[in-house]
Amino acid sequence: MTDVIAWACLNGELMPADAARVPIWDRGFLFGDAVYEVFRLTRGRLWLEDLHFARLERSLGEMLFEPIDLERLRGRIEATIGAGGVVEGTVYVQLTRGVAPRLHAFPRPPVEPTEVIVVRPYDDGPTRLRRERGVGVISLPDERWGRCDVKSTNLLANVIANERAQRAGCYEAVLFDRDGFVTEATHSSVIWVRGGRLEATAEGRLILPGTTRRFVERLADDAGVDFAAARITLEDLRGVDELMLLGTTIEVMPVTTLDGAPVGSATPGPVATRLQRAHDVAVERWAAGTAAGV
């Protein structure tokens, strides 16, 4: 098993990820009719497991899926982790509405969903260096569909925006709506420090309820840092004291430049540094069994 780079479970069957195949009539392939989650695997366990499962359950409900046995899914995830022997990695879970003739209407009667689990190693080293140095981002109009609160596989607009960021030599793209207000980034939450207060755009249909964001809100409260949901225009974002991205693998990522201009001191700021340290401590305590699950 040690030579397997990624291990998969397809509809309950364990196999090397490269051997997994889905039919061309799968609705996830044809319509993006699917939801997904990405978990961080730390010391062989799922970090923020309950938060991720709560979001997955909500996404399934909002997409009008038939009831899914989430306890069975948890068991299959554990089996896939065990089969691959990965201790530090990521777990990708995707559920589609299943295989059926290509019709826009849902299959009637409903068909079995397609369930994919992929466990693969993750090396945090390169990302850790970015956290220490900070990253650059660009700004782009938010052209995504209107239900960004659902973690679906409808990600083409995100992909295009992120490609534009990569071509500009930047790490991410911060998105703004038609009124000029910041929403989030292509695959991470956006959070900032303004007037000594930590702020982020209020959750709603244009914002994915980020698990790392919710956990960082708890860390901020424990650290005595005021947090509030707020609206901010792109122009005002250019003048904040600190700007950060949050995500499952990036954790707390300081942003040092926006559209080529410095943010704050153009170095990782004190709040970002404090939050990342608190995040590291929380993970260590949880992994060591000295803190309750989160």
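What distance in nm separates the simple spin-label points at Asp179 and Ala229, each placed 7 Å from Cα in the Cβ direction?
1.4 nm
Under 20 Å from a label point 7 Å along Cα→Cβ of Arg74: give me every residue in the range 215-244 with its amide N that close.
Residues 215 qualify, since their backbone N sits under 20 Å from the label point.
Where the only charges are on Cβ atoms (+1 Lys, Arg; -1 Asp, Glu), what is the dipole of the chain about its Cα centre, to the nearest 20 debye? All intermediate terms of the calculation are to be shown ahead of the outcome.
Details: 35 positive and 42 negative charges, 37 e Å.
Computed about the Cα centre, the dipole is about 180 debye.
Return an integer: the convex hull volume of the alpha-carbon atoms of the chain, in Å³ per residue. Spell out each step's value before the answer.
Numbers: hull volume 39.9 nm³, N = 294.
So the per-residue hull volume is 136 Å³.
In nm, give the distance between the simple-model label positions of Ala287 and Glu143, each being 7 Å from the Cα along the Cα-to-Cβ direction.
Taking the two extended label points, one gets 4.0 nm.
Out of the total accessible area of the range 27-140 (probe 1.4 Å, heavy atoms of protein only), what percent is carbon and sulfur?
Numbers: 2970 of 5460 Å².
Of the solvent-accessible surface of the range 27-140, carbon and sulfur hold 54 percent.
Given +1 on the Cβ of Lys and Arg, -1 on the Cβ of Asp and Glu, and no further charges, what dipole in debye does the range 55-129 carry about its Cα centre, rounded to the nearest 20? List each step's numbers first, then the result.
Values: 10 positive and 11 negative charges, 52 e Å.
In total the dipole reaches around 260 debye.
Considering amide H positions built from the backbone, and no H for Pro or chain starts, which residues 5 or more places from Ile232, or on another chain, come under 5 Å of its amide H?
Under 5 Å from the amide H of Ile232: Val182.
Given a Förster distance of 35 angstrom, what is the FRET efficiency for Asp259 paired with Val87, based on the Cβ-Cβ distance and rounded to 0.05?
Working: r = 39 Å, r/R0 = 1.13.
It comes to 0.35.
With no solvent and one point per C-alpha, what does the Debye sum give as log10 I(q)/I(0) for the range 163-213 at q = 0.13, 0.14 Å⁻¹?
-0.35, -0.41
Using R₀ = 45 Å, calculate the FRET efficiency as 1/(1 + (r/R₀)^6) where r is the Cβ-Cβ separation of Glu62 and Arg133; round to 0.05.
Details: r = 38 Å, r/R0 = 0.84.
The value I calculate is 0.75.
Over what distance in Å are the Cα centres of the range 16-82 and the range 211-283 separated?
Here the two parts' Cα centres lie 28 Å apart.
The values are calculated or read from the model by the stated rules, or taken from the named source; none is laboratory data. Keep in mind that this is a model prediction, so the values were computed, not measured. We place every Cβ from the backbone using ideal geometry, glycine too, and count neighbours over all the protein chains shown. Surface accessibility is based on the protein's heavy atoms, side chains included, excluding ligands, DNA and RNA. Shrake-Rupley method; radii C 1.70, N 1.55, O 1.52, S 1.80 Å.
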